[in-house]
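The values are calculated or read from the model by the stated rules, or taken from the named source; none is laboratory data. Here the structure is a predicted model, which means the values were calculated and not measured. All Cβ positions, even for glycine, are placed from backbone atoms using ideal geometry, and neighbour counts span all protein chains on display. What goes into the accessible areas is simple: the full protein's heavy atoms, side chains included, and nothing from ligands, DNA or RNA. Shrake-Rupley method; radii C 1.70, N 1.55, O 1.52, S 1.80 Å.
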Amino acid sequence: MTATLEHRLPKSRQALQPGTIEARDFSFWYGKKQALNNISLIVPPSSVTALIGPSGCGKSTFLRSINRLNDLIPGIRHEGDLSLDGQSIFDKDLDVVALRQRVGMVFQRWNPFPKSIYDNVAYGARINGVTRSSELDEVVERSLRRAALWDEVKDRLRTSALGLSGGQQQRVCIARALANQPEVLLLDEPASALDPGSTQKIEELVYELKRELTIVIVTHNLQQAARASDHTAFFFSGQLVELGPTDQIFTRPREERTDAYITGRFG
Ligand SMILES: Nc1ncnc2c1ncn2[C@@H]1O[C@H](COP(=O)(O)OP(=O)(O)OP(=O)(O)O)[C@@H](O)[C@H]1O
Ligand SMILES: [Mg+2]
C-alpha cells in the first residue's frame with residue numbers, strides 16, 4: 001500500500017457511510033493467472049471514482065469482484081477482503097442476490113432483456129414479490145426518470161426495449177439497475193460503444209446520480225475520466241499504482257507510470 005492511500009483508510013469501521021467500498025490487500029486469480037495483486041483502496045460514497053489503465057490491467061476484474069459477478073467463473077479464487085459498508089462481501093451470511101441489488105452493474109454492451117421497456121425496469125421489483133400494478137408503475141416511472149429516459153419512452157413503455165437506440169437501451173439498463181435502489185452503481189465502459197451525444201447524456205446522468213449513489217466507472221476515455229470523476233485510480237498489470245483526486249492524477253501524478261499513461265506514452 002502506498003503512502004498516498006494510507007490517509008484514506010478510516011480510523012474505525014464506524015466511520016464508514018452507506019455506499020462505502022473498501023478493498024484490503026485484495027488479490028484475485030483466474031486459475032493460475034493472477035489478475036489483481038494486493039489492491040487496497042477506499043471508494044467514498046456520493047462520489048464518482050474512475051478506474052483507468054491499459055487493457056488487461058484488471059479494471060473489469062476489480063469491478064466484477066465488487067458484486068461477486070466473478071463467482072460465476074470456474075477456477076477463481078481471491079485473497080484479502082472487499083467490504084461494503086464495513087461488511088465483508090464474502091461473509092458466509094451474506095446473500096449474494098441481495099448484494100447484486102445493492103451493487104448494480106452496467107456493461108459496455110447494453111443488454112436489455114428481450115422484453116418491453118416496462119418489463120425490463122419492473123424486473124427486479126417483481127422478483128422481490130411486488131405485484132400491485134400501481135406500485136410497479138411507480139417503480140418504473142421513478143427509475144426511468146432517474147435514468148433521464150422517461151420523457152423519451154413514456155408513450156411506448158409496452159414496446160420492446162430492443163427497438164430503442166443504443167444510448168436509450170443503455171439508459172434502460174441503468175434504469176433497471178436503479179429500480180433496485182442500489183447504493184453502488186458499477187459502470188464498465190458504459191459509453192464506449194455510443195455516439196458523442198449519447199455519451200454526453202450518460203456523463204450528465206452520472207453527474208446527477210452521484211448525489212445519491214457511489215459510482216465506480218471504468219473508462220478508456222481519459223477526457224471522460226477527467227470530466228466525470230472525483231477520484232481516479234490508475235491500475236497497471238493487476239496493481240493499483242496510484243489513487244487520488246482526479247485533478248491531481250491528471251495534472252500532478254506522483255508516479256512515473258501514471259504520468260506515462262495519461263500523457264499517452266503507453267496503453
Ligand atoms: N474469465 C477469465 N478467465 C481467465 N482470465 C481472465 C478472465 N477474464 C479476464 N482474464 C484475464 O485477467 C486479466 C485482467 O483482465 P480484465 O478484463 O480485468 O482487464 P481490463 O483492465 O478490464 O481490460 P480491458 O481494458 O481490455 O477491458 C487479463 O490478463 C485477462 O486476460
Ligand atoms: Mg475491461
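Rg and Dmax of segment 75-160, based on Cα coordinates, read 16.4, 49 Å.
The residues packed around E208, meaning those with a beta-carbon under 15 Å from its beta-carbon, carry a net charge of +3 if Lys and Arg are +1 and Asp and Glu are -1. Surface exposure of the chain, expressed per residue as accessible area with a 1.4 Å probe, stands at 47 Å².
Counting every alpha-carbon pair across segment 122-226, the share separated by more than 15 Å comes to 64%. Of the listed residues D93, D119, the order by accessible area with a 1.4 Å probe, largest first, is D93, D119. For trypsin sites (Lys or Arg not before Pro), the sites in segment 168-230 that DSSP calls loop and that have at most 15 other Cβ atoms within 10 Å are R211. Rounded to the nearest 10 degrees, the angle from helix 133-146 to the longest Cα principal axis of the chain is 50 degrees.
Counting only Cα atoms, the size of the chain along its three principal axes is 53, 43, 36 Å, in decreasing order.
Distances between placed amide hydrogens fall under 5 Å for I217 paired with T49, A50, L51, L187, all partners being 5 or more residues away or on another chain. Using the empirical formula 2.2 N^0.38 Å as the baseline, the Cα radius of gyration of segment 138-189 reaches a ratio of 1.09. Nearest 10 degrees is fine. How inclined is helix 166-178 to the longest principal axis of the chain, computing both from alpha carbons? Once rounded, the angle reads 80 degrees. Carbon-plus-sulfur accessible fraction, the chain (probe radius 1.4 Å, protein heavy atoms only): 48%. For the options R252, R132, R24, a Gaussian network treatment of the chain with springs between C-alpha atoms closer than 10 Å singles out R132 as fluctuating the most. The Cβ shell under 9 Å around P18 holds other residues with a net charge of -2, Lys and Arg each +1, Asp and Glu each -1. Magnitude of the charge dipole for segment 124-267, about its Cα centre and with charges confined to Cβ atoms of Lys, Arg (+1) and Asp, Glu (-1), is about 280 debye.
GNM on the chain, alpha-carbon springs under 10 angstrom: the most fluctuating residue among L136, L36, L94 is L94. Kirkwood Rh over Cα pairs of segment 28-75 into Stokes-Einstein at 4 °C, 1.567 mPa s: D in µm²/s? D, rounded to a whole number, is 107 µm²/s.
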